[in-house]
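Working notes for the structure below.
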Amino acid sequence: QQKVQQSPESLIVPEGGMASLNCTSSDRNVDYFWWYRQHSGKSPKMLMSIFSNGEKEEGRFTVHLNKASLHTSLHIRDSQPSDSALYLCAASDTNTGKLTFGDGTVLTVKP
Amino acid sequence: DPKIIQKPKYLVAVTGSEKILICEQYLGHNAMYWYRQSAKKPLEFMFSYSYQKLMDNQTASSRFQPQSSKKNHLDLQITALKPDDSATYFCASSPGQSNERLFFGHGTKLSVL
């Protein structure tokens, strides 16, 4: 049973467009959410993290969190071809700190 | 200048053989992890260590054995290799064990023939 669900599986947006990625945890013990980005052939690198209800913005990237529904979303504005990558959402367990990853969303930004 | 060194980068093995994947981190972190990534299971947690002690093991098979000789080392021994073990194995580390950002090594891509 997958505890971290991501949608969509893949997404194509035009250069300069907005990309919106979703993630929900089915484990009520989670308290931190993370977004990692993995370019093809590379290792995952953390983009953003969030643990409070609301919104957090860093440059072109905005993360939302609704703790009641354990739903987080990542929004990328003014998308660039270099944003094309696998985006992984992860949730960490309150008790163990263990990070569980979702299956990811493959984002393609078309020039 | 990579701070988490994994060796080798690529590895080809025959079915039934044994291999050791090496991981050393120079970030001064206290927690280290192994994750596996394949087409079938995107990024799968295997083990976590904190201060050289096993904290969590989500790998059903005893063919996978982590080995920590030093605080900044966490190797992974895999015995009786099977084609299904083919994957990229990522070592990661974090300052502590709870709710900490993970830093990943570049991975070891294992192909079992």
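Whenever a residue of the stretch A:23-39 is in a loop (DSSP other than H, G, I, E, B), its partners that are among the small types (G, A, S) and at pLDDT 95 or above, lying with C-beta atoms within less than 9 angstrom and at least six residues away or across chains, give the pairs A:H39/A:S82; A:H39/A:S84; A:H39/A:A85.
State all residues of the stretch A:95-111 that are under 30 Å from B:M55 (Cβ atoms) and either more than 11 Å from chain B (Cβ to nearest Cβ) or in contact with a strand residue (DSSP E or B) (Cβ under 7 Å, 6 or more places away or on another chain) (or both); if no residue qualifies, say none. Quick ask: steps written out before the conclusion?
First, the residues of the stretch A:95-111 that are under 30 Å from B:M55 (Cβ atoms): A:95-105.
Within the stretch A:95-111, A:T96, A:K98, A:L99, A:T100, A:F101, A:G102, A:D103, A:G104, A:T105 qualify.
Return the residue satisfying two criteria in turn: it lies in the stretch B:22-50 and is assigned to a strand (DSSP E or B) and away from every other protein chain (no Cβ under 14 Å), and of such residues it is farthest from the chain's Cα centre (by Cα). Before you say what the answer is, go through the steps one by one.
If we filter the stretch B:22-50 for residues that are assigned to a strand (DSSP E or B), which is where we start, we get B:22-25, B:31-37, B:44-50.
Filter again for away from every other protein chain (no Cβ under 14 Å), leaving B:22, B:24.
Working: B:I22: 8, B:E24: 10 Å.
Result: B:E24.
When each of A:S79, A:S92, A:S43, A:S52 is tested for being buried (at least 20 other Cβ atoms within 10 Å of the Cβ), farther than 17 Å from A:V4 by Cβ and within 13 Å of another protein chain (Cβ to nearest Cβ), the lone residue that passes is A:S43.
Residues are listed down the side, and each one gets a yes or a no for (1) closer than 19 Å to A:L47 by Cα; (2) crowded, with 19+ Cβ neighbours inside 10 Å:
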position: B:S69; (1), (2): no, no
position: B:L76; (1), (2): no, yes
position: B:A80; (1), (2): no, no
position: B:L102; (1), (2): yes, yes
position: B:H106; (1), (2): yes, no
position: B:K109; (1), (2): no, no
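Being hydroxyl-bearing (S, T, Y), over 24 Å from B:S93 (Cα atoms) and part of a strand (DSSP E or B) is a description that applies to A:S20. Only one entry in A:S73, A:S49, A:S40, A:S92 is at pLDDT below 95 and under 10 Å from the mean Cα position of the chain (by Cα), namely A:S49.
Among all positions in the stretch B:82-97, there is no residue which is out of contact with any Phe, Trp or Tyr (no Cβ under 7 Å at 6 or more places or on another chain), open to solvent by 70 Å² or more (accessible area, probe 1.4 Å), outside any strand (DSSP E or B) and within 13 Å of chain A (Cβ to nearest Cβ). Taken over the stretch B:4-48, the criterion of being of a type in the set (A, V, I, L, M, F, W, C), in contact with a strand residue (DSSP E or B) (Cβ under 7 Å, 6 or more places away or on another chain) and either over 20 Å from B:Q58 (Cα atoms) or exposed (fewer than 13 other Cβ atoms within 10 Å of the Cβ) (or both) is satisfied by B:I4, B:I5, B:L11, B:V12, B:A13, B:L27.
The values are calculated or read from the model by the stated rules, or taken from the named source; none is laboratory data. Fair warning: this is a prediction, and the values are worked out from it, not measured in the lab. With ideal geometry, Cβ positions are generated from the backbone for all residues, glycine too; neighbour counts draw on all protein chains shown. We work out accessible area using only protein heavy atoms, side chains counted, and drop any ligands, DNA or RNA first. Shrake-Rupley method; radii C 1.70, N 1.55, O 1.52, S 1.80 Å.
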